[in-house]
Amino acid sequence: MTTRPNDPLLLAGKVLVLFMQGVVALGVIALAIGLPIIVFMRDRITAEAAADLGNPDFVFPLAPVAGVLMFAIILLLAAFWFLRLLRQIIGTVGEGDPFVPENAERLTLMGWIALAAQLLAIPAAGLALYIAKLFEDHDGVTIDAGLDLSGIVLVVVLFILARVFRHGAAMRADLEGTV
């Protein structure tokens, strides 16, 4: 069954995923440029922050900030990879043949990427909380961190969908073998 559906939803999905990939790519580029700038401009940033905070003993927390930026780059790269896999799945749906073994593998990989992102977010949030505590008495800086149940549900749904697609591809292969 390889009919090519002319579905505006698929077109919207492709456009949205491509747009999101572009935004993520810009984020990676911005962070990759910003990270060395922060490292090389540490003294100037420290001086300006100390003046703004009214604390001449303030020391810019370079290692935690660099750590958060590195985690952010890794998470954005994972998001780009995730979106690339999603775009490939949308492509097979557009071709009229979504129940292929490759899509089951793509969904499984997307599940692992989502799980890794959830796990990487834990130390990133810890570093962000540490940095926020350094500034909590100034300018109303607050940050919340907690368990992201939607991310956990996404991981479970992706692994279940991978099984569904794997089973659907196997059933289709069996059906084609009997015809």
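The values are calculated or read from the model by the stated rules, or taken from the named source; none is laboratory data. Treat the numbers as computed from the prediction; the structure is a model and nothing was measured. Every residue, glycine among them, receives a Cβ derived from its backbone with ideal geometry; neighbour counts consider all protein chains shown. Just the protein is used for accessible areas: all its heavy atoms, side chains included, with ligands, DNA and RNA removed. Shrake-Rupley method; radii C 1.70, N 1.55, O 1.52, S 1.80 Å.
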Spot the failing condition for residue 118; the list is (1) open to solvent by less than 40 Å² (accessible area, probe 1.4 Å); (2) closer than 23 Å to residue 160 by Cβ, and only one is missed.
-> (1)
Do we have any residue at all in segment 88-110 that's of a type in the set (Val, Ile, Thr), farther than 22 Å from residue 168 by Cβ and at pLDDT 95 or above?
-> no
Residues of segment 90-107 being among the hydrophobic types (A, V, I, L, M, F, W, C) and touching a Phe, Trp or Tyr at 6+ places or on another chain (Cβ under 9 Å), which ones?
-> 99, 100, 104, 107
How about segment 69-78: which of its residues are over 8 Å from the mean Cα position of the chain (by Cα) and either closer than 15 Å to residue 112 by Cβ or crowded, with 17+ Cβ neighbours inside 10 Å (or both)?
-> 69, 71, 72, 73, 74
In segment 79-105, residue farthest from residue 28 (Cα to Cα) [restricted to those that are under 12 Å from the mean Cα position of the chain (by Cα) and free of Cβ contacts under 8 Å to residues at least 60 places away in the same chain] | 82
Do we find that residue 42 is under 25 Å from the mean Cα position of the chain (by Cα), open to solvent by 40 Å² or more (accessible area, probe 1.4 Å) and among the charged types (D, E, K, R) in this structure?
-> no
Go through (1) within 30 Å of residue 118 (Cβ to Cβ); (2) open to solvent by 50 Å² or more (accessible area, probe 1.4 Å); (3) among the β-branched types (Val, Ile, Thr) one by one and return the number of the condition residue 59 breaks.
-> (1)
Restricted to segment 132-179, and to residues that are modelled with pLDDT under 85, among the hydrophobic types (A, V, I, L, M, F, W, C) and open to solvent by less than 100 Å² (accessible area, probe 1.4 Å), which residue is nearest to the chain's Cα centre (by Cα)?
-> 145
Residue within segment 45-52 that is of a type in the set (Ser, Thr, Tyr), open to solvent by 20 Å² or more (accessible area, probe 1.4 Å) and under 15 Å from residue 161 (Cα atoms) present | no
Filtering segment 1-29 down to residues that are small (Gly, Ala, Ser) and surrounded by 13 or more Cβ atoms within 10 Å (Cβ to Cβ) yields 13, 25, 27
Checked 19, 60 against criteria (part of a loop (DSSP other than H, G, I, E, B) and either at pLDDT below 90 or within 17 Å of the chain's Cα centre (by Cα) (or both)); the one match is 60
